[in-house]
Amino acid sequence: MKEKTIIIIGAGFSGVFTAMYLSRKLSGNNHIKIKLVNKDPYFTYKTRLHEVIGGRIRPEEAIHDLKILFKPYNNVDIIVDEVKRIDEREQFVMTKSQKISYEYLVLAMGGEPNDFGIEGVSEYGFTMWSWKEAVRIRKHILTMVEQAAKETDPKKRQAMLHFVICGGGLTGIEIMGELIEWKPQLEKNFGLQTNEISLSLVEASPTILPVLPEKESQRVKTYFAENQVNLMTEASVSKVTFDSVEIRDQEPLQTYSLIWTAGVKATSDVADLAAEFGKAGRLKTLGTMSAQNMENIYVVGDLVHYEDKLGNPLPQNAQTAEQTAKTAAENIAAELLLEMKSTLHQNKQKGTIVSVGAKYGVGYLMDLVHIKGPIAVTMKHLVNLMTWGQMKSMSNLSKYLKQEMTASKSDRYLS
Ligand SMILES: Cc1cc2nc3c(=O)[nH]c(=O)nc-3n(C[C@H](O)[C@H](O)[C@H](O)COP(=O)(O)OP(=O)(O)OC[C@H]3O[C@@H](n4cnc5c(N)ncnc54)[C@H](O)[C@@H]3O)c2cc1C
């Protein structure tokens, strides 16, 4: 039988799930090769990166060696390399070191930060989308606090101890939750006064957490107020400098630390494809997850622009990553095995849970149930455990249990 190759570019949630589902569906078909290409040798458990920033877990606990993760999937080749060019006409990809031809291509490269062209964001701000960026932010916070403890100029010291997050979506809120809990420990360990560290969150729209109902947004606002977070809504960042964040029609915030979570767009690696583009450079797909106009190219995860019957685009989250991966894998397998194709199954989201630190959280499930506090925290742990279960990685599941459920939530890493 003629050998056929499926290339998956990107080993985030969507790429990993696609490879695993394809591996199971196509096992025993030795003429079909599945190649998973990723820039780094590890899978980043992205939904835990805020825990890295706030010292809840050690940086290495949020990444997982791809070769170990895929050990049980022996029909998947892991290729650690960066794809530099996709030639959809000739059906090959060029990586830094090789040319690989394909019969099917799955684009799972996710997004990249969007600074909307605002002056100084990429130069002085700390964009937040990858593990490396999370580690950089964590180190920067520790350096700032350490240096501020020795600073005698009160204005400079205040600015050094002021941490500003721009963006009131999931990522920004989860990072703020970690900083709230890390703050007292940093103050104590570096000999600062209580509440010497100040935290601000700046959001351009009138509210925060737009993916959740107003009730959850209100709960988080209250939690922030109780924890002295300076929440600024309807506040648009207009410029970032070395030591300040300028906000339209308001006094600038003095800080050396702007964490930018305000915007994400599709990876620019797909910009040259002869595809149909949706919002923020994402690729329009059919319900099968194949790209519009490019039948043997499938799109999964954060890169997808697909609207439900009401015209709502899929959100960029872990559920979408898993569901689009499953649909794409089933349809590629169906074509290869000459079976019936299917369209996106459960494009109904099961709900969203936001952790606001290790001890607090909010969520809304099944368009019905509002949860908060310890219930939301527990549910979030269950979601992570279920994810490892879906990946059939019992070693990571038990490691997670050990890390999260037995560790003391007040003790955060300071190195
Ligand atoms: C701090 C934080 C908290 C979050 N919290 C939540 C949450 O609580 N719940 C939730 O549902 N979602 C959350 N999200 C969003 C969620 O993590 C994303 O929606 C999800 O990770 C998207 O998966 P993906 O596979 O599409 O992309 P990614 O996870 O971004 O993976 C893309 C992969 O492709 C690789 N890649 C890119 N370009 C190339 C190339 N040219 N060659 C080779 N490899 C390439 C990258 O290195 C990466 O490994 C959070 C995100 C962040 C950052």
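The aspartates and glutamates within cross-link reach of Lys341, meaning a Cα-to-Cα straight distance under 16 Å and a gap of 8 or more places when in the same chain, are Glu295, Glu330. Seen from a random direction on average, the alpha-carbon convex hull of the chain projects onto 20.6 square nanometres.
Note that the chain presents 46 Å² accessible area per residue, ligands and nucleic acids not counted, probe 1.4 Å. Protein heavy-atom surface of region 76-230, 1.4 angstrom probe: 48% of the accessible area is carbon and sulfur, with nucleic acids and ligands not counted.
For region 217-324, the list of GluC sites (Glu not before Pro) that fall in a loop by DSSP and count at most 15 other C-beta atoms within 10 angstrom reads Glu234, Glu276. Please go through the residue pairs Lys2/Lys35; Lys25/Lys402; Lys25/Lys399; Lys46/Lys402 and name each one whose alpha carbons sit more than 21 Å apart in this structure. Listed pairs above 21 Å: Lys25/Lys402; Lys25/Lys399.
Near Tyr298, the amide H atoms lying under 5 Å from its own belong to Leu105, Val106, Leu107, Ala291; only residues 5 or more places off or on other chains count, and H is placed 1.01 Å from N. Among beta bridges from DSSP that stay inside the chain, the antiparallel ones total about 50%.
Annotation: amide H-H contacts under 5 Å for Ser238 (H modelled 1.01 Å from N, sequence separation of 5 or more, or interchain): Glu246, Ile247, Arg248.
DSSP finds beta bridges in region 121-262, and of those with both partners inside it, around 30 percent are antiparallel. Overall shape of region 121-262 was characterised from the C-alpha gyration tensor. The equivalent ellipsoid obtained from it has semi-axes of 23, 17, 15 Å, in decreasing order. Think of it as helices only: each DSSP H run of n ≥ 4 in the chain is worth -39500 (n - 2.57), and spread over all residues that comes to -9500 deg cm²/dmol at 222 nm.
In this structure, the amide hydrogen of Lys265, modeled 1.01 Å from its nitrogen in the peptide plane, lies closer than 5 angstrom to those of Glu112, Asn114, counting only residues at least 5 positions away or on a different chain.
The values are calculated or read from the model by the stated rules, or taken from the named source; none is laboratory data. Keep in mind it's a predicted model, so treat the numbers as computed, not measured. Virtual Cβ from ideal backbone geometry, glycine too; neighbours counted across all protein chains shown. Accessible surface is based on the protein model in full, side chains and every heavy atom, while ligands, DNA and RNA are left aside. Shrake-Rupley method; radii C 1.70, N 1.55, O 1.52, S 1.80 Å.
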